[in-house]
Structures are given as structure tokens and as C-alpha cells.
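K.L.:
Have a look at the structure that comes next, please.
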Amino acid sequence: MDQQKTAALASIDQISQLICDMSDSIWDVPELGFQEFHAAQTQCDVLEKLGFHVEKNLANIPTAFSGSWGSGKPVIAFMGEFDSLATLSQKAGVTHADPVVPDGNGHGCGHNLLGSGAIAAAYAVKEYLKTTGKQGTVIYYGCPAEEGGSGKTFMARDGVFDDLDCAFYWHPGPVNWVNPNTTLANYAVKYHFKGISAHASAGPHRGRSALDAVELMNTGIQYLREHVPQEVRMHYAITDAGGISPNVVQSKAEVYYLIRAPKVATVQEVYERVNKVAQGAAMMTETEVEIRFEKACSEQLINQTMNEVLHANLSSIPLPELTEEDLAFAQAIRETTSAKIKPGESPIIRTISPLRREVKLDYASGDLGDVSQICPVGELMTATWARNTPSHAWQATAQGKCPAAHKGMLFAGKVLAAAAIDLLNEPEKLAQAQAELKESMGGNPYFCPIPKGVPIPNL
Ligand SMILES: [Zn+2]
Ligand SMILES: [Zn+2]
């Protein structure tokens, strides 16, 4: 590794306390999607302190922002997140379920680490550009509401990512690997039924039940399920059952659907059929249905060139050193999971998974998919948690402030920065990544699946 690259990566060690404090502060104030005011302010303050030019309110979203440095091409981005999850409140450093606030929010997906580690990466690239005098722009994007809000897709709809040459992303987890898996595109849609209330016993013939319509719609979907492509997923939550009185014909009810498929185009086809089922339910019950499109996201395109660059650096930068205490805490956490523990196995994974070129489908969705259709994206995971730690569980929240998590986060920052520095030095590699994306897109431009005019949820 050349000296200047080594020095740039070492610059992360010099700001490690600042980065860890930022991550801990975000962990301490867990906020839900589009409401991450403390996290956004904390990150903007740190970015300014580190010499970045901060822009706020991107795409008219109060908690979307960027911190940039440098000028001209290439423009290399690091994507950050900082939203938490409802009901995953949990005390840090504890090996049993024990919420800070019962039913409160918690960082059960490690996004306090995610955004902070990405800022560390952006800083190292900035230091590299500064000391080498090379041309290029580095940008950190603060992206709200990854959990169910598709913040990046709303930002993409506004053209925020249009000038990027490539982007890097990482996620905390139990393994060290470059993610070769694609995701499902999805639409999130609310079906709001309106009927007529009446006494459910004395005058049921006068009422038209919105709750009946919801139930009939859901029954209709069970029949539709057999006649859609295998990978399609249709799931729902009844977000308004109309009320708590069985002696009232419910005049309003709402069901919230997530429709997923490997391609946005398939989601659109299924969505049109789901709408027919909703209209059928409304017709059967003589109610009215209002279809409210909430948000959407695209499937992720895997970029092998980006993955190769990331994997080369993941394999060559030494893993962080762990202490006996780090391992003992991880072991205690592990024993609370359903994992089968093999004797002698390190409770925190100390190996690098080989790079897999075969792309498999993860039956989940994420808004990084939209970024991956605009510019080449490389996605990394480093071990911040004990082996087998389930995501979206109290065990993940409990480990979010521990030293091993901090070490995994700073390691991720170094790997991401190193990969970006390689692309600064090898424009032909970056061109190759871009050509690969163009081919994956079949020459078509990115099309945002969230229609114009759909407002940002909860704002
Ligand atoms: Zn998550
Ligand atoms: Zn996550």
C-alpha cells in the first residue's frame, strides 16, 4: 500500500474518539424515520468540524443532508443512515433483554454505527485528496428513514445522486464480507375504505362496513397469491380496524400493504392487480376505497467491479484487535440466541468471507437499490456484533456502544476509504464499474418508482 493511502487510513485513528462519541450520542437518542433531528444535527456538527461543506434539507427532507469536500470528478459518495427501530429499546452492554424505555425506540439495526463509520471513510478520502492534491470530490450523504421509509428513494426522485460517479455503503453485522446479494423492489400502499356507520344489531342493514371491505380484500389477496410469480411477496398490517366497538358497523378501516418482487416492473403489474382486488372488495361492500401510495424502492444491482475493489481492501487491511472482554461479552450475547455454538469458535468472526460472484436474492428490500441504479455501488459488512447476532433484535441494540462495535465501525471506515482511494487512482476501474452498471440497466436510465407528488411520509 502506498504511503499516502496508509496515512489517509491512519487519519481515521486520529478522529476515532470523535466518531465513536457521535455514534454513541445517536445510540442514546434513538429516532424513527424522517424524525432523526438529533442524529442529523450531530452528524452535521461533526462534518463541519472536520472541514466538510454541509448542505441541509436535501430533497426538502429536514433530516437529509450532505457533507462534501474537494472539486471536480470523480465524485465519490459514502451513504449514511441513522434511524432506529420502534420497540427495540435496550440497555447497552447488558446480556439480557432490558429496555431503557419500555416499548421505546432502539438502534437494533446498528445505524448509529453505520452513518458514523461512513463519515470516518469520507474524512480519510478528504485527507487523501488534500495531501496528494488529486482532483475529486468526496461526499457523505445523511440519508433518513432507511427502515421502511425509503429516504434514499425520495432523495433519488429529486435528483440528489445524479452527479455521482460511484457510491460506497456498509452495514454493521456479524460477518466480514462484501455483499453479493440483490434485494426485492417494493411498493408500500395504504388502502383506506370508507363506509357508513350504524347500530350493528338494531340497524345493520343501514350500515356499510369498511372493516368487511378490508377483510374481503385480504381474502382476495390470498387467492391472488397463487397466480403471481414465485418470488412475489404481498403482506399487510391492518392499520385501522375502524374502532373497538363490535356493536358499531365500522365506517372506516385501513390496511397497509407491502408488495415486493425482484423487479420494479413486476411490482407495478402486481400492484395494479392488488388495486383491482381492493376495488372488488369496495364493490362487494358498497364502500369506497382510497388508494394512498406511501413509498417504494428499487431492487439492488450488484456491481462486481465495485465488489472486487472492496474485497481486495477488506482482505488486506488488518482486522481490529479485540480484547478478552470484547470476546467474553460477545460470547454471553451469543448464548442468548438460538445459535448452535461450536466449541473453540471465536464469538466474533475473525475471518473474511470469500468474494462470491454468484448473485443471490435476499428476500428483503432496501433503498440502496435506487442508488445502485444511478451509479455503481459497493456494499460492505464488517463484524461489529457477536457471531449469529440477529438484526432487529435487542441483542443488536445491546452491542451498539460496545468497544467491539466501535472497532468494527472504524475498520469499515478504513476499508471503504481504501476502496475509494483505489478508484481515485484507477480511473479505468471506475469506468469499468460504470460500464457494468450501464449493461445491467440495459442502457435505460434510472426511473424512480415513487410517483411525483407522493409526499414524504410523516412530514
Ligand atoms: Zn434494519
Ligand atoms: Zn439496517
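K.L.:
Of the residues that sit in segment 380-404 and are touching a Phe, Trp or Tyr at 6+ places or on another chain (Cβ under 7 Å) and within 16 Å of ligand 2 (Cβ to nearest atom), which one is nearest to Arg350 (Cα to Cα)?
P.N.:
Among them, the one singled out is Thr382.
K.L.:
Could we say that Asp103 is on the phi > 0 side of the Ramachandran plot, charged (D, E, K, R) and more than 16 Å from ligand 2 (Cβ to nearest atom) here? Steps first, please.
P.N.:
Values: on the phi > 0 side of the Ramachandran plot: yes; charged (D, E, K, R): yes; more than 16 Å from ligand 2 (Cβ to nearest atom): yes.
When the stated conditions are applied, Asp103 passes them.
K.L.:
Given the conditions (1) away from ligand 1 (no atom under 16 Å from the Cβ); (2) of a type in the set (Ser, Thr, Tyr); (3) out of contact with any Phe, Trp or Tyr (no Cβ under 9 Å at 6 or more places or on another chain); (4) more than 25 Å from Leu424 (Cα to Cα), which single one is not true for Thr95?
P.N.:
Unmet condition: (3).
K.L.:
Within segment 2-19, take every residue that is under 14 Å from Met409 (Cα atoms) and polar (S, T, N, Q) and give me the one that is surrounded by the fewest Cβ atoms within 10 Å (Cβ to Cβ).
P.N.:
Ranking the qualifying residues of segment 2-19, first place goes to Gln17.
Here, each number is a calculation from the coordinates, and none is a lab measurement. All of these numbers come straight from a predicted model, not from anything done at the bench. Positions of Cβ are generated from backbone atoms using ideal geometry, with glycine treated the same way; all protein chains shown enter the neighbour counts.
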